[in-house]
Amino acid sequence: MKVNNILSIESEKAVLSCLMKNTKYAKNTINILEEDDFKCKENLIVFLTLKKLIIKGKKIDIPLITEKIRKRKENKTIGIKYLIDIYNYNCFESNLPKYIRIIKRYRYIKSMLINLKSINNSIKTGEIKKGLIYSKLMKCIVNIRKISKKTSKDIKEQVGNIYKYILNKRKPVIYKTGFYKLDKILSGILPGELIIVAGRPATGKTSFCINILNYNSIKKKNTVFFFSLEMSATQLIIKLIGLIAKIDTRIINNKGLNKKEINKVIKILKIIRNSNIYIYDSIFTSTLDIYNYVIKRIIPKERNIIIIDYIQLIKITSTYGNRSIDISEVSSYLKSISKELNIPIIIISQLNRQVEQRVNKTPILSDLRESGSLEQDADKIIFLSKDYFNTSNNNKEKIKIVIGKNRNGPTGTIELNFIKNHNKFVDV
């Protein structure tokens, strides 16, 4: 199949015809469709012209469209006959969502074919670039998800879904961090959400997420996938033991446990072994590795959650060479994975150096390291901050938790106590 043959001129004309005849669904349609969806140049020009008129609130008629198109420099073939043919095209307005889905489907198929062709060419020449292949395959996976998903919903269907949701007595699936005040502000964590946990060094970001791991896996019996890209699985489990057993992890590491503590640790190891915790600690981890690891083990009807420590260590599989663009791609893929699998993903992120140059060290959204897309893709952003000059109690610190973004709720600030030798956060 040739790439240039993957298009549906008929569906493109049907969409344009519906827009010209009835503006009832016009605003929704122009927000869904993009320039890349149109493969016929003439149809694209007509669409862009209609889009401008719809945005300005103009009434659509053929003389007005003809005049606007005549002024476009790129137009050489579109005349009044072409527009009349589109207007009289045999289609039904009730099928508009189906026409849009067909156009989108051809776009995603073409994108997949281009990416697979690139992989094929790479293999044929013998220059097998693992990063390039990973990147192209991940794009194909994302496109497959988009093909299987409805592009748009009729307003009646949307209202119907909300009606069913309100009348349904079953409680919606909501995940929690285990911290009362924080969960109250966040209103919990929903399936499909992307949550960023960020902070300066030594604020306890990893320990904070281990606390979330403990609450969800040991206490709530949820399945937790923990991708530890900096710390080994052994180190992570030792931190979890210290948290549950309230034993200083330094004693565990130094094998300085007494008999009572050893028996306590053995009991906790049995609890951890029987829990639904999956720890992946390869340092060469890409978004595709994350997806493949989870998809093979996930049980759809169970409650699942993914934690990644941390995003800057995820292996970049693109060929852009621009760190900001690379992180944007990783962030976009992770958001796609969370929506496809309908599970929340919590990502730890570093901050950039700008925060060190300010008098007030409390993190803000622009401090997220290397990419503004983290702020855009995330549904919730949690910053951890502490007073570095307060050394009154080296073992117990007050950590300020700043909710910098909360897509469906308020932002705010709370405090938690961090007991360092136990890796334990507790409500103040």
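The values are calculated or read from the model by the stated rules, or taken from the named source; none is laboratory data. Since the structure is predicted, the reported quantities are computational estimates derived from the model, not experimental observations. Cβ placement follows ideal geometry from the backbone for every residue including glycine, while neighbour counts extend to all protein chains displayed. Note: areas computed on protein heavy atoms with side chains; ligands, DNA, RNA excluded. Shrake-Rupley method; radii C 1.70, N 1.55, O 1.52, S 1.80 Å.
Identify the residue in the stretch 32-45 that is within 19 Å of Tyr89 (Cα to Cα) and surrounded by 14 or more Cβ atoms within 10 Å (Cβ to Cβ) and, among all such residues, is farthest from the chain's Cα centre (by Cα).
Ranking the qualifying residues of the stretch 32-45, first place goes to Glu42.
What pairs come out if I take residues in the stretch 178-191 that are closer than 14 Å to Asn408 by Cβ and in a loop (DSSP other than H, G, I, E, B) and pair them with residues that are open to solvent by less than 30 Å² (accessible area, probe 1.4 Å) and among the hydrophobic types (A, V, I, L, M, F, W, C) whose C-beta lies under 8 Å away, six or more apart or interchain?
Listed by first residue and then by second, the contacts come to Pro191/Ile343.
Name the residue, out of Leu132, Leu48, Leu137, that is open to solvent by 20 Å² or more (accessible area, probe 1.4 Å), under 28 Å from Glu329 (Cβ atoms) and at pLDDT 80 or above. Don't jump to the end; show me each part of the working.
Details: Leu132 fails: at pLDDT 80 or above; Leu137 fails: at pLDDT 80 or above.
So the residue among Leu132, Leu48, Leu137 that is open to solvent by 20 Å² or more (accessible area, probe 1.4 Å), under 28 Å from Glu329 (Cβ atoms) and at pLDDT 80 or above is Leu48.
Of all residues in the stretch 51-74, which are open to solvent by 90 Å² or more (accessible area, probe 1.4 Å) and out of contact with any helix residue (DSSP H, G or I) (no Cβ under 9 Å at 6 or more places or on another chain)?
Lys56, Arg70, Lys71, Lys73
Quick one: how many residues across the stretch 27-79 are in a loop (DSSP other than H, G, I, E, B) and at negative phi?
Of the residues in that region, 19 qualify.
Of the residues Ile316, Ile307, which is in a loop (DSSP other than H, G, I, E, B), under 20 Å from Ser228 (Cα atoms) and either in contact with a helix residue (DSSP H, G or I) (Cβ under 9 Å, 6 or more places away or on another chain) or not acidic (Asp, Glu) (or both)?
Being in a loop (DSSP other than H, G, I, E, B), under 20 Å from Ser228 (Cα atoms) and either in contact with a helix residue (DSSP H, G or I) (Cβ under 9 Å, 6 or more places away or on another chain) or not acidic (Asp, Glu) (or both) holds for just one of Ile316, Ile307, which is Ile316.
So if I check each of Lys239, Lys260, Lys267, which one is part of a helix (DSSP H, G or I), farther than 29 Å from Glu340 by Cβ and in contact (Cβ under 8 Å) with a residue 40 or more places away in the chain?
From the options Lys239, Lys260, Lys267, the qualifying one is Lys239.
Checking Val355 against (1) more than 26 Å from Lys220 (Cα to Cα); (2) out of contact with any helix residue (DSSP H, G or I) (no Cβ under 8 Å at 6 or more places or on another chain); (3) aliphatic (A, V, I, L, M): exactly one of these is not met. Which one?
Condition not satisfied by Val355: (2).
Among the residues in the stretch 274-290, are any of a type in the set (A, V, I, L, M), more than 19 Å from the chain's Cα centre (by Cα) and more than 27 Å from Leu186 (Cα to Cα)? Break it down into steps so the answer makes sense when it comes.
The initial filter retains those residues of the stretch 274-290 that are of a type in the set (A, V, I, L, M), namely 277, 279, 283, 288, 290.
Then keep just the ones that are more than 19 Å from the chain's Cα centre (by Cα); that gives 277, 279, 283.
Adding the requirement that they be more than 27 Å from Leu186 (Cα to Cα) leaves 283.
Looking for residues that are of a type in the set (A, V, I, L, M), more than 19 Å from the chain's Cα centre (by Cα) and more than 27 Å from Leu186 (Cα to Cα), one finds at least one in the stretch 274-290, hence yes.
Need pairs with beta-carbon distance below 8 Å; first residue more than 11 Å from Met20 (Cα to Cα) and within the stretch 58-70, second open to solvent by 80 Å² or more (accessible area, probe 1.4 Å) and assigned to a helix (DSSP H, G or I); sequence gap 6+ or separate chains.
Partner pairs satisfying both residue conditions: Thr66/Ile80; Lys68/Lys52.
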